[in-house]
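These notes are about the structure you will find just below.
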Amino acid sequence: MIGNLITVSPGMQLYIWRHFQIQVPDHWEMLFYGKNAQAGKCTFADRYQHRLEFTWSVVPGKPDFTRMLDDYLAEFRRDDEVTEVAKIILGAWSGFTARLGEVLTSRVGRFFPQDRCLVELVFLWPEQRDVQLERRVMESVREESLTPEGNWRWRAFGMDLYASAECELDQCTVQAGLARMTFASMKQRQRVEIFERMGLVSQWLHRPVQEWLTLRRPLGVTVRQDVLETAQEMEVSHLIGDQLAEGWRRLLFKRTSFDSRAWMNKHDGRLYCQTITGSTVPVTRRLFGWEEC
Amino acid sequence: MGAKKAVLPHLSVQQVSWRKMLEATPLRNMAASVYREKNGLVVLTVPLQHPWWQFPPITWVIKLDTERKVRLDEIGTELWEQSDGSRTVEEIIEAFSVRYALTFHEARLSVTGHLKQLIQRSVLVIQQNIE
């Protein structure tokens with residue numbers, strides 16, 4: 001399962017979040033994120049401050065951008081503190097740049113018909129506006145397509161992964177040296193996909209990966225197969241088993257599948273772990289990492 | 001949740017910056033005495049200030065600690081060693097991110113979390129650059 005080939009501009013890095021691709025300078029990092037597919041926001045920052053907000057919102061239909069921008073500008077012009085107001089039009093993007101007090105911003109919006117989604121980008125310019133960069137970021141925003149296998153691609157926090165379209169992003173944890181994204185099915189309670197990337201490994205991993213993986217399995221999991229495989233030139237510890245189903249199905253001693261794989265990525269020294277439960281078909285996911293596009 | 005009316009979400013934008021924090025310099029508590037264990041980890045004994053009411057005969061009844069022992073873990077020891085006044089928080093984060101192959105913000109989270117704990121335990125203080 002290899003994603004669509006995406007050209008990433010030099011000095012930029014690709015993020016894929018909520019089925020949108022966006023490229024930002026490679027020294028910017030995503031610091032805040034939204035999980036709600038209907039409306040949310042991600043914030044990117046450089047070393048010193050927030051630089052870009054990426055906001056999405058599902059709307060009933062294509063908005064009247066001209067009217068919306070005029071309303072916006074009218075509101076801005078009422079304020080004496082607002083200076084350097086100028087319109088921005090680039091392809092389907094439209095917006096304006098303005099200085100509010102000391103803060104220089106560019107705000108652009110665009111409607112994406114496939115998802116009926118209104119996307120807004122707000123750039124913060126601490127020194128001066130970089131029109132080239134603004135243009136590159138705007139041009140990079142695209143809708144991501146579902147893979148033929150029925151998975152969505154996500155790329156953030158050092159993970160480039162494919163999660164089943166049956167599942168939605170349920171939890172996301174980002175701590176120092178730990179990124180974890182949990183996808184859960186709203187229809188099928190047992191169906192959960194967890195992707196983890198762990199750093200500072202030398203500080204806490206003092207046993208072989210296989211042993212670590214076996215020890216961290218949830219209570220109630222019966223391991224049927226415990227194998228070491230080689231995939232993408234990496235040694236992968238793989239546990240296959242099952243566990244008692246949850247809810248009323250437990251009363252009938254129904255069991256559900258458990259599949260967990262962990263591997264050390266020799267390129268970045270991180271420990272990766274992928275756990276998929278409740279799948280009705282064998283899991284054939286590609287190992288995830290921060291791959292070249 | 002259903003679809004919402006089409007409006008661009010917000011007008012005001014906060015300029016969130018942590019530059020001042022990065023420019024600050026952590027310094028060791030010079031009053032603390034240092035003991036290094038065989039494994040290289042540092043144990044500090046930090047003298048505690050006496051409260052104003054601590055005098056006899058109260059001290060005959062209530063015994064208060066006069067010092068606090070703080071045993072640093074590997075990362076704590078590393079940060080304490082680097083906090084000699086010659087490096088800013090940013091430089092310490094930079095070195096930490098290289099050593100543990102973390103991104104700058106991953107390292108920032110870890111380093112500032114540790115520094116906060118060390119400051120709360122009076123092991124370090126932060127000197128703000130006032131320029």
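Here are the numbers:
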read-out: Some residue of region A:112-121 being within 30 Å of A:VAL8 (Cα to Cα), more than 9 Å from chain B (Cβ to nearest Cβ), touching a helix residue (DSSP H, G or I) at 6+ places or on another chain (Cβ under 6 Å) and at pLDDT 90 or above; value: no
read-out: Residues that are more than 9 Å from chain B (Cβ to nearest Cβ) and aliphatic (A, V, I, L, M), drawn from region A:38-59; value: A:LEU52
read-out: Selection within region A:68-97 - at the interface with chain B (Cβ under 10 Å from one of its Cβ atoms) and modelled with pLDDT of 85 or more; value: A:GLY95
read-out: Out of A:ASP64, A:ASP130, sole residue that is exposed (fewer than 13 other Cβ atoms within 10 Å of the Cβ), more than 28 Å from A:GLU166 (Cβ to Cβ) and not polar (S, T, N, Q); value: A:ASP64
read-out: Residue match in region A:232-253 (condition: in the same structural domain as A:THR182 (by TED's automatic domain parsing), farther than 30 Å from B:GLU74 by Cβ and among the basic types (Lys, Arg)); value: yes
read-out: Filter result for A:ASP26 (at pLDDT below 90 and either under 24 Å from A:ARG180 (Cα atoms) or facing chain B (nearest Cβ under 10 Å) (or both)); value: no
read-out: Those helices (runs of 4 or more DSSP H) lying entirely in region A:124-227 with at least 1 residues within 14 Å of chain B (Cβ to nearest Cβ); value: A:201-204
read-out: Residue among A:THR83, A:THR97 that alone is more than 30 Å from B:ARG108 (Cβ to Cβ), of a type in the set (Val, Ile, Thr) and either assigned to a strand (DSSP E or B) or in the same structural domain as A:ASP170 (by TED's automatic domain parsing) (or both); value: A:THR83
read-out: Single residue of A:GLN23, A:GLN49 found to be surrounded by fewer than 17 Cβ atoms within 10 Å (Cβ to Cβ) and under 28 Å from A:GLN171 (Cβ atoms); value: A:GLN49
read-out: Yes/no for A:ARG107 being surrounded by 17 or more Cβ atoms within 10 Å (Cβ to Cβ), at the interface with another protein chain (Cβ under 9 Å from one of its Cβ atoms) and not small (Gly, Ala, Ser); value: yes
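The rows are residues; the columns are (1) exposed (fewer than 10 other Cβ atoms within 10 Å of the Cβ); (2) small (Gly, Ala, Ser); (3) modelled with pLDDT under 90; (4) under 24 Å from A:TRP204 (Cα atoms).
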position	(1), (2), (3), (4)
B:SER33	no, yes, no, no
B:GLY40	no, yes, no, yes
B:ILE58	no, no, yes, no
B:LYS63	yes, no, yes, no
B:ILE75	no, no, no, yes
B:LEU79	no, no, no, yes
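The values are calculated or read from the model by the stated rules, or taken from the named source; none is laboratory data. Fair warning: this is a prediction, and the values are worked out from it, not measured in the lab. All Cβ positions, glycine included, derive from the backbone under ideal geometry; neighbour counts span all protein chains shown.
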